[in-house]
C-alpha cells in the first residue's frame, strides 16, 4: 500500500483557545487542499477545555510543552521539526480562513523555486462585537507583491526603515518552504520572529511573496492597555531588528475621520470613544519609547524587561 505524505503542514501554537479553536480547525477542514494537509498543534499549558475540544479532531497531531518553554521563535521551530509536509503554514488559534482556497492560493506561488515564503493578509470580519472601523472593506484589487533582491547586498545597504518597508511578514498567515526553514530556522525570540526571519531570508537572496488574495479572519479587541503594550513592543523589536524608530504621529484630522466614519458606517457612538482611545494609546507608546531611548539603550532594555517580560496576548472580545 502506497503511503501518502501530506504536502502541507499547518502549525498552530495554542493556549486556552477553547472559545476560538474549533472555528479555526473547521475552516481548515473546508480547504480544497485539506486531503493533502496535516495539522500540528502545540499546547503550552491550557487550563480551559482546549485539549478536550482538540481531541474531537482525530486528524490533529497534538503535542504539549510547559508554559515556560514557549517562545514565538523556539516553539515554531519545534513545530517545523515535527512537520511531514513540504510546506509549513503558520497561523494562530483565533484566526480562520476567509475562503476555502486559502491554501491553494499560497501554494501556487511555490512553482517558482526561488520563493521560500508566501505571506497573506489578516482581515476583520463584519461581526457586531468587533470594531466596525476595522471591518474588511476592500476598495481596490488585492495586491500581489514580490520581494526579491538579486544582489542581496543592495537590500543590506538600505536604511532600516527602507528594509522594513520592502518586506512583508505575518505568522498569523504565512506559508513557508520547509526545507528553507530547516536551513534557516526562526531565532529564539519572544516576539517578532516573522519579521526577523523574512529580513534574514531577504538578506540571503531568497524571494518572498505577499498575496492579499490569501486571507484569514483575525481580530483582537484593542483595549487601551493592550494597544499601548503591543505598540511599545513593536517599536522595541523594530528598533532592535531594523535599528530605526517608526514614527507614530496622531493629528486632529485623524480624530475627525473617526467621527466621520462612525456616522458613515451608521454604528454605535461607543466606537468613536473606543477608536479615540486607540489613537491616544499609540501616541502614548511612541512618546514613552522616545523618552526611554533618549536616556540610553541600557535604560530602554531595563524598562522593557521590567514591563514587557511576558509575551503580549490579545483578546477576541471585551
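The values are calculated or read from the model by the stated rules, or taken from the named source; none is laboratory data. From a predicted model like this one, the values you see are computed outputs, not experimental measurements. Here the Cβ is made from the backbone with ideal geometry for all residues, glycine too, and neighbour counts use every protein chain on show.
Residues in the stretch 136-158 that are free of Cβ contacts under 8 Å to residues at least 60 places away in the same chain, surrounded by 14 or more Cβ atoms within 10 Å (Cβ to Cβ) and not in a loop (DSSP other than H, G, I, E, B): 2 in all. Confirm whether residue 70 is modelled with pLDDT under 95 and buried (at least 17 other Cβ atoms within 10 Å of the Cβ). Taking the combined requirement at face value, the residue satisfies it. Of the residues making up the stretch 186-205, those that are more than 17 Å from the chain's Cα centre (by Cα) and outside any helix (DSSP H, G or I) are 204, 205. The set of residues from the stretch 45-76 being touching a residue at least 24 places away in the same chain (Cβ under 8 Å), in a loop (DSSP other than H, G, I, E, B) and more than 14 Å from residue 18 (Cα to Cα) comprises 70, 71.
Here the helices (runs of 4 or more DSSP H) wholly within the stretch 206-318 that include at least 3 residues being more than 26 Å from residue 169 (Cα to Cα) and not assigned by TED's automatic domain parsing to the domain that holds residue 28 are 252-264, 270-294, 297-307.
From the list 169, 155, 176, the one residue that fits, being more than 24 Å from residue 83 (Cβ to Cβ), touching a helix residue (DSSP H, G or I) at 6+ places or on another chain (Cβ under 9 Å) and outside the structural domain of residue 239 (by TED's automatic domain parsing), is 155. In the stretch 104-118, is there at least one residue being in the same structural domain as residue 50 (by TED's automatic domain parsing), surrounded by 16 or more Cβ atoms within 10 Å (Cβ to Cβ) and assigned to a loop (DSSP other than H, G, I, E, B)? No, that holds for no residue.
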